[in-house]
Amino acid sequence: MNRNPKNKQKKTAHAGTMHGEAMYKYKLLSYFMDNIPDVIYFKDRKGKLVLVNQAHAKGLGMKPGDVVGKTDFDFFPKNRAQRMAKDDMCVIKTGKPMIDKIERATRPDGIDNYVSTTKIPVRDKIGKIVGLVGITRDITRRMQFEYLEKEKARVEKKLEMLEALNKVKSNFISTVSHELRTPLAIVKQLTALIFDETAGPINDKQREIIKKVENNTERLKKLIDDLLDMSRIERDKLELRYSLVNLNDLLKDSADFYKTLAEEKRIDLSYHLPAKDVNLFIDADRINQAVANFINNAIKFTEEGGKISVEVKVLETKVRVGVIDTGIGIAKSDLPQLFNRFVQVSNTGGAGSKGVGLGLSIVKELIKRHGGEAWIESKLGIGSKFYFTLPRFYRPDALDKDVRDRIGSFLNKGISLQFINLIIVNYKEFRGRIKIGPAELFEDLKRILDTTFRGICRDRFKDLPVILTDVKNGKCSVILPRMREAENARVVRLFKDKIKSYFMGQKVESAFVNIGVSTCPSDACLPAAKRFSARFSVKEVYVGLEMRRFKRVLYKVKVKIFLPENKTETQQTVDISEGGLCFITKKLLKTDSRISIRLEFDKTRDPVIHTDGRVAWIKKVELLSGESLNRYKVGVEFINLKSKHRKIILKKIKP
Amino acid sequence: MTEKKNDKKKILVIEDEKDMSYAVTLQLEAKGYEVITAFDGMEGLDKARMKKPDLIILDLMLPKLDGYKVCRMLKFDEKYKNIPIILFTARAQDSDKKTGREVMADAYITKPFKPAALLDKIQELLALS
């Protein structure tokens, strides 16, 4: 340690055999001191530097030898040197080490940094304090890192708080809106009674007043409904109720209403609908809401004598609905934010102050949920075009090239075939909700098709179906060589049932599968087989909340179900279809487990049907009031159902 | 159909909002129905059992016993299951309609409703029973 040269010499002289080892230790220590980037120094009781390492000297811009014998006052500004001297004195007087004191310091080259200093007293043989040893480390980077970490944690916490706050806001809006609706409903109900003259005759003036009250309550109701919709969207609680809807009918239904509204402002409102009906798989109420929003907007921003036209254009994969006006238009810079929440564009004139600016953002979300798009094209002073698209039934006669080639190669060989084309229409939106990956989904669909095929055409195994899948676009094409038309119809029927049951099992609430069926007789398409055009008859499969998936047979059939472990259960009411049945039970079965079924139709001479079944899906029966009935809805798929039995079931479930 | 002393049809309105109940009552009485009112679920259930109405209009959000429970208790009871029930609510959630079907309600009307719509539903259901 800090011995003076005399002592050291004595020691080395006396050490004798220790000489080599002490030298070695000394070298190690020197090496350590001179190569470590931390500043190390020894001071005597008066603060004079006795020994410094390279790092210290370098930091001061000197050589170690030039530093020895000097004090901090020779290098540092006075106030800093005083601070350091105070620390030194404290350590030397009290004998207590100073550990990890963090302070800001300015380096000699003028850069601000953070340093951590540790000072330990040095004692001689008898324990008297003769000086101190200090080590100072630059911890700027560590401090920065710690600061960033702290900042990150702070921002994260804030984000969490904001998210929670947003949730509170959404819930609050929802509650408040519900509360607002109750008195509003009463007001509407009571005014309706006066208007109807249920409470006695009223004069024209009174009628006019009541009409105004009614219009304004209606306006208030729309605002509240918009707020509720927005909070539903934010809380992910918006439910769509899909059904097959004729778009022309939907638009025509409200046409009279809007025409009267437009006439009041002397605006010419016209509809240009396609000659052929377009059927879409949509939530009619919600799409109505979107159209209403567009038309209301157009009427609001079009001046007297203007024109509004509602146009429908049928494209290959989608339908575009447009509301085009000759109104005041929207500036280009305002277009992008128009679909944002609460945005009311400034230069829309006096009418712009109406509404809270939720309508368009709701429309956008509704259309997005349908798998479509909404946008606006507009020119200031000329007019605006509001558009949205909805995905359409896949045009079944447009086939991919490789599918056409495969069909062509069969036809060229003179082999007739049946053809099934499957597409999940709402695939884009649907992929986001299904838990399994798309590849896995199509593997499952392939398997379902394969088992269906084997189930029906057990005798003709040599012509296996050719299945081509397009996983990216949600398409699947099946070529069934040498298949008879009647057989194919059965395959498709059963396939449909099994797909429904499969999606139910996957807990998918709204899938829309389109199955096209076509026959290609070999003679009809030759010789120009490559240019053949197949006409399809399209059968749709829906899996949705509103769809009755099975025909309910009430109290007419007795089903005895042989469950695993030799238990039986008798059911009086089941939903039955060609492909399987569904019933409610208290027992919790396992998915994929096998059960035996005995079907007995009451009061008929039909034979008792025995068949096996596979549990395809299980759903807990729950009431909205929070009560759980402790019962399960179970979907069972028939396995090895004899064709004569299938016929009996078919007869039963057809009206 | 049961024989009645007077041929006025009896309708039980179970609704906790008194003013709404008043509006419905006024409207039904104007059309010649006899109206009984109840302001909570328990009272409604009692009155349904004692007064044997021809039809029940039932609000969903009720104090003491909610509309779903009232509906279930009546519909799962052999004695009362033939009384048509119209569910009546300010909520327009689809899940409500679904639950409405599960408790076997006969019809569903969202508040506020067009007076004619309610009367049509009532006539339709009374004609069926």
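A protection proxy built from the mean count of other Cβ atoms within 10 Å ranks the segments A:612-619, A:51-58, most packed first, as A:51-58, A:612-619. Assign one of three labels to the range B:10-128, namely rounded, prolate or oblate, based on the Cα gyration tensor with a ≥ b ≥ c the square roots of its eigenvalues; rounded applies when a/c is under 1.5, prolate when it is not and a/b is larger than b/c, and oblate otherwise. Note, shape of the range B:10-128 comes out rounded. Cα extents for the range A:148-303 along the principal axes, largest to smallest and rounded to whole angstrom: 71, 48, 34.
The aspartates and glutamates whose alpha-carbon is closer than 17 Å to the alpha-carbon of A:LYS318, local same-chain residues fewer than 8 away aside, are A:ASP277, A:ASP283, A:GLU373, A:ASP397, A:GLU429, A:GLU540. Using the beta-carbon distance between A:SER254 and A:GLU208 and R0 = 30 Å, what value does 1/(1 + (r/R0)^6) give for FRET efficiency, to the nearest 0.05? Computed FRET efficiency for A:SER254 and A:GLU208: 0.75. Here the range A:106-161 is treated as a Stokes sphere of Kirkwood radius computed over C-alpha pairs; at 4 °C and 1.567 mPa s its diffusion coefficient rounds to 88 µm²/s.
Normalised by 2.2 N^0.38 Å, with N the number of residues, the alpha-carbon radius of gyration of the range A:243-391 equals 0.99. A Förster radius of 25 Å, combined with the Cβ-Cβ distance separating A:LYS587 from A:ASP285, puts the computed FRET efficiency at roughly 0.05.
Step through the table entries A:LYS446/A:LYS644; A:LYS496/B:LYS111; A:LYS237/A:LYS620; A:LYS472/A:LYS644; B:LYS64/B:LYS111, compare each Cα-Cα distance with 29 Å, and write down the pairs that go over it.
With Cα atoms farther than 29 Å apart: A:LYS496/B:LYS111; A:LYS472/A:LYS644.
Shielding value for A:176-187 is 4, the average number of Cβ atoms from other chains within 10 Å of each residue's Cβ. For the pair A:ASN79 and B:ASP7, label points projected 7 Å from Cα toward Cβ lie 10.6 nm apart. Hey, if you put +1 on the Cβ of every Lys and Arg and -1 on every Asp and Glu Cβ in the range A:243-391, which of A:PHE339, A:LEU366, A:PRO391 ends up farthest toward the positive end of that dipole? Projecting each Cα onto the dipole axis, the largest value belongs to A:PHE339.
If you count Lys pairs in the range A:36-138 whose Cα atoms are under 14 Å apart, skipping same-chain pairs closer than 8 places in sequence, the total is 18. Averaged over the residues of peptide B:25-31, the number of Cβ atoms from other protein chains lying within 10 Å of each residue's Cβ is 3.
Cα centroid distance between the range A:255-296 and the range A:149-226, in Å? After rounding, the separation between the Cα centres reads 25 Å. As a rough footprinting exposure proxy, the listed residues A:MET504, B:MET42, A:MET483 were ranked by other beta carbons within 10 Å of their own, and the order from fewest upward is B:MET42, A:MET504, A:MET483. The ranking of A:VAL608, A:VAL278 by Cβ neighbour count inside 10 Å, starting from the fewest, reads A:VAL608, A:VAL278. Here is the size of the range A:36-138 from its Cα atoms: Rg then Dmax, 13.0, 43 Å. Note on A:HIS610 and A:ASN216: their simple-model spin labels are 7.7 nm apart, each label 7 Å out from Cα toward Cβ. Computed from the Kirkwood radius of its Cα pairs, the Stokes-Einstein diffusion coefficient for the range A:144-234 at 20 °C and 1.002 mPa s stands at 129 µm²/s.
By the beta-carbon count within 10 Å of each Cβ, the least crowded to most crowded order of A:VAL491, A:VAL68, A:VAL478, fewest first, is A:VAL68, A:VAL491, A:VAL478. Note on A:288-297: average number of Cβ atoms from other chains within 10 Å of each residue's Cβ is 0.
No lab work stands behind these numbers, since they all come straight from the coordinates. Source: prediction; values computed, not measured. Cβ atoms come from the backbone with ideal geometry, glycine included; neighbour counts cover every protein chain shown.
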